[in-house]
Amino acid sequence: MTINILHTESSLGWGGQENRTLNELTGLRALGYQPLLACPPNARLGARAREAGFEVIDIAMRGALDLPALWKLRRLMASRCIDIVNTHSGRDTQLAGMAAHTLGKQRPRIVRTRHLALPISSLVSYVTLPDHVVTVSHFVASYLVSARVPAERITAVPTGIDLSRYQTTTPGSLRAELGLNNDTPLIGTVAILRRKKGHAELVEAIPAVLEKFPDAHFVFAGDGPQTDNLNQRIHELGLTHNVHLLGLRRDVVNVLASLDLFILPTHQEALGTAFIEAAAMGVPAIASHVDGVPEVVCDGKTGLLVPVGDSAAIAASIIRLLSDTSLRKTMSAAARPWVEAHYSREVMVNGMLAVYQKLLAGKMSS
């Protein structure tokens with residue numbers, strides 16, 4: 001069944017949402033589809049999609065009532081005989097939804113993907129305009145049901161990653177870069193330095209870990225608005241020798257391959273792609289028991305879950321895993337197969353195609 005698919009995104013930035021969309025485009029192409037992307041001309045997703053060889057249509061999307069944008073989307077859907085429009089943010093959902101509904105009975109079906117674990121501001125973008133809603137986790141699906149989106153109009157299709165990028169056979173080089181011995185315990189995180197990611201609680205946990213493991217080192221890969229605050233607290237606690245703020249890194253796979261433990265005590269997370277990436281590299285994780293995170297970190301099997309904001313629990317979990325080499329190895333061995341079964345790009349794309357096909361066949365509520 002040939003399906004003409006258009007993805008729309010009004011966001012200008014780059015994060016997990018945009019990364020998932022590009023992964024979907026790539027996975028669809030691998031299966032023989034030719035998906036299109038419509039986004040503002042200065043969107044980072046558009047630039048990366050073009051670099052990857054996708055056709056990108058520039059549409060400004062200046063507001064929810066941007067009539068020129070609505071008209072361009074309508075004309076694009078009609079001229080390309082689009083069957084499915086997959087929207088990703090509020091503004092493009094409103095514009096693409098309204099454009100599609102002006103095309104009458106032959107209009108494309110609208111699928112809205114919800115990427116965030118945040119309260120929604122309007123039901124229109126989830127009930128009135130789209131025919132179906134996809135969520136990146138079961139947690140987000142449950143939240144939407146509680147917000148009065150009909151359950152039969154929601155399907156959870158968890159985010160997947162390109163496993164070919166995450167090879168566990170090559171040791172990481174981060175210890176050598178930092179001048180550390182090969183047997184130095186190395187604990188790290190990869191995330192934008194925002195308050196809700198929980199870096200501050202991790203910093204507060206480090207002194208207790210160093211009492212038990214004085215040779216342990218911690219690396220924070222990423223930048224963001226909390227950089228100065230974290231630097232200040234690291235200095236206040238006398239941790240500058242053992243804690244390394246690496247800044248934004250392009251070699252995330254190398255960073256992960258260097259770690260004994262991955263930790264991200266986030267306050268809020270729809271799913272947590274960083275945990276999937278760590279697991280793909282066979283790195284046990286310590287994570288907050290919050291939102292969709294327990295779906296990707298299996299407590300006691302691929303990592304440990306701790307309460308949100310609990311530095312003492314974070315420290316205790318790090319100490320437990322550093323003290324128990326056998327448990328770490330068992331978790332490491334379980335992590336990669338778990339991701340392969342549930343969070344590969346292929347699993348994600350097949351899940352999305354199943355939604356598209358059922359919707360077009362009239363077998364799904366809309």
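Rule-based calculations on the coordinates, nothing more; no lab input. Treat the numbers as computed from the prediction; the structure is a model and nothing was measured. Here the Cβ positions follow ideal geometry from the backbone for every residue, glycine too, while neighbour counts run over all protein chains shown.
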Check your understanding: Dipole magnitude of region 7-60 about its Cα centre, charges +1 at Lys/Arg Cβ and -1 at Asp/Glu Cβ only, in debye to the nearest 20?
Key -> 100
Exercise for review: Using only the Cα atoms of the chain, each taken as one equal point scatterer with no solvent, compute I(q) by the Debye sum, divide by I(0), and report log10 of the ratio at q = 0.09, 0.14, 0.15 Å⁻¹.
Suggested key: -0.54, -1.13, -1.24
Review point. When the helices in the chain are scored as -39500 (n - 2.57) per DSSP H run of 4 or longer and the sum is shared across all residues, what 222 nm value do you end up with, to the nearest 500 deg cm²/dmol?
Key: -12500 deg cm²/dmol
Exercise for review: Provide the three semi-axes, in whole Å and in decreasing order, of the ellipsoid equivalent to region 186-262 as defined by the square roots of 5 times the Cα gyration tensor eigenvalues.
Suggested key: 18, 16, 10
Check your understanding: So, with +1 on the Cβ of K and R and -1 on the Cβ of D and E, and no other charges, what is the size of the charge dipole of the chain about its Cα centre, to the nearest 20 debye?
Key -> 1400
Practice item. For region 167-319, give the magnitude of the charge dipole about the Cα centre (Cβ charges: +1 Lys/Arg, -1 Asp/Glu; no others), in debye to the nearest 20. Key: 200
Practice item. Could you tally the net charge around Leu327, taking each other residue with its Cβ under 14 Å from the Cβ of Leu327, Lys/Arg +1 and Asp/Glu -1? Key: +1
Check your understanding: Can you tell which of Gly90, Gly179, Gly351 shows the greatest fluctuation in a Gaussian network model of the chain with Cα springs below 10 Å?
Key -> Gly179
Revision key, fill the gap. Among Ala316, Thr302, Ser326, the residue whose Cα sits farthest towards the positive end of the charge dipole of region 275-334 (+1 at Cβ of Lys and Arg, -1 at Cβ of Asp and Glu, taken about the Cα centre) is Ser326
Point to revise | Distance violations [Cα-Cα > 25 Å] among Lys72/Lys358; Lys301/Lys358; Lys197/Lys301 | key: Lys72/Lys358; Lys301/Lys358
Study note, to complete from the structure: The correct pair for region 223-292, radius of gyration to one decimal and Dmax as a whole number, both in Å and from Cα atoms, is 13.5, 35
Review point. Excluding Gly46 itself, what net charge comes from residues whose Cβ is under 14 Å from its Cβ, given Lys and Arg +1 and Asp and Glu -1?
Key: -3
Check your understanding: When the chain is treated as a GNM, springs tying every alpha-carbon pair under 10 Å, which of Thr189, Thr128, Thr155 comes out with the largest mean-square fluctuation?
Key -> Thr128
Check your understanding: So which residue, out of His88, His101, His241, gets the largest mean-square fluctuation from a GNM of the chain using Cα contacts under 10 Å as springs?
Key -> His241
Review point. What residues qualify as long-range amide H neighbours of Val243, i.e. H under 5 Å apart, gap of 5 or more or another chain, H built at 1.01 Å from N?
Key: Phe218
